[in-house]
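Undergrad: Let me begin by handing over the structure; questions about it come next.
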Amino acid sequence: MRILVDMDEVMADAIARFIEWYERDFGIKYKEEQLMGTKLAYVVPEQHRQTVLAYPHQPGFFKDLPVIDGAREVLEQLNNRHEIYIASAAMEFKHSLYDKYEWLDEHFPFIHWKRRILCGDKSVLKADVLIDDHDFNLSVFSGRPIMFTASHNIHFTNYERINHWKEALPMFDL
Ligand SMILES: [Mg+2]
């Protein structure tokens with residue numbers, strides 16, 4: 001099986017970086033529980049919204065992000081049995097490209113560069129499965145879409161889900 005795996009909020013915890021930088025800039029530390037069904041930019045005071053939305057466009061935002069719990073162990077096992085491809089719409093954030101590459105080398109060295117797709121519009125990608133946290137990627141995917149649970153997507157009910165990586169092994173015959 002050819003399986004596409006998104007990076008942010010599926011492999012890498014970018015929400016943690018939003019929270020960290022907002023606290024750095026404004027002295028208020030949000031908890032992820034406060035972001036259920038939404039994103040940080042939409043819960044902060046309106047005058048801070050553009051600042052928060054600009055964070056991922058800044059150098060360093062994607063550097064050394066925490067790994068989502070279980071991602072490394074489970075993807076390594078899945079990678080032994082299936083074709084795992086990274087599919088990240090990294091072109092939106094030009095400074096992210098190098099940081100994402102380095103991050104994959106550090107945490108997912110078993111994923112060869114030929115299987116790293118740092119792209120723009122994911123709808124051109126064809127595979128059997130896409131694991132992603134965003135409806136706008138899953139809804140246009142031609143294969144089997146699987147929503148990886150993140151705080152912002154908890155209200156979507158129309159997808160098969162992975163809530164934690166440990167649930168993924170039995171879904172793919174492991
Ligand atoms: Mg994502």
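Undergrad: From Tyr85, Tyr98, which residue is away from the ligand (no atom under 15 Å from the Cβ) and hydroxyl-bearing (Ser, Thr, Tyr)? Show your work before the answer.
TA: Values: Tyr85 fails: away from the ligand (no atom under 15 Å from the Cβ).
Every option except Tyr98 fails the conditions.
Undergrad: Could you check the range 129-174 and list, in sequence order, the residues that are charged (D, E, K, R) and farther than 18 Å from Ser88 by Cα?
TA: Let us first name the residues in the range 129-174 that are charged (D, E, K, R), namely 132-133, 135, 144, 160-161, 166-167, 173.
Hits for the range 129-174 are Glu160, Arg161, Lys166, Glu167, Asp173.
Undergrad: Scan the range 142-172 for residues that are touching a helix residue (DSSP H, G or I) at 6+ places or on another chain (Cβ under 7 Å) and farther than 24 Å from Leu35 by Cα and jot them down.
TA: Ala168, Leu169, Phe172, listed by residue number.
Undergrad: Got a number for residues in the range 20-54 being in a helix (DSSP H, G or I) and more than 16 Å from the ligand (Cβ to nearest atom)?
TA: Counting residues in the range 20-54 that are in a helix (DSSP H, G or I) and more than 16 Å from the ligand (Cβ to nearest atom) gives 18.
Undergrad: Filter the range 62-106 for residues that are part of a loop (DSSP other than H, G, I, E, B) and either under 16 Å from the mean Cα position of the chain (by Cα) or surrounded by 13 or more Cβ atoms within 10 Å (Cβ to Cβ) (or both) and give the result. First the steps, then the outcome.
TA: First pass over the range 62-106, keeping only residues part of a loop (DSSP other than H, G, I, E, B): 62-66, 68-70, 82, 89, 93-95.
Result: Phe62, Lys63, Asp64, Leu65, Pro66, Ile68, Asp69, Gly70, His82, Ala89, Phe93, His95.
Undergrad: With the condition kept exactly as written, say whether any residue in the range 12-32 is touching a Phe, Trp or Tyr at 6+ places or on another chain (Cβ under 8 Å) and within 18 Å of Ala168 (Cα to Cα).
TA: Looking for residues that are touching a Phe, Trp or Tyr at 6+ places or on another chain (Cβ under 8 Å) and within 18 Å of Ala168 (Cα to Cα), one finds at least one in the range 12-32, hence yes.
Undergrad: Filter the range 115-148 down to the residues that are β-branched (Val, Ile, Thr) and farther than 21 Å from Leu104 by Cα, then identify the one that is farthest from the ligand (Cβ to nearest atom).
TA: It comes out as Val124.
The numbers here are math on the coordinates, done by the rules we state, and not lab data. Predicted model only: the values in this text are computed from it and were never measured. Note that we place each Cβ from the backbone using ideal geometry, even for glycine, and neighbour counts take in every protein chain shown.
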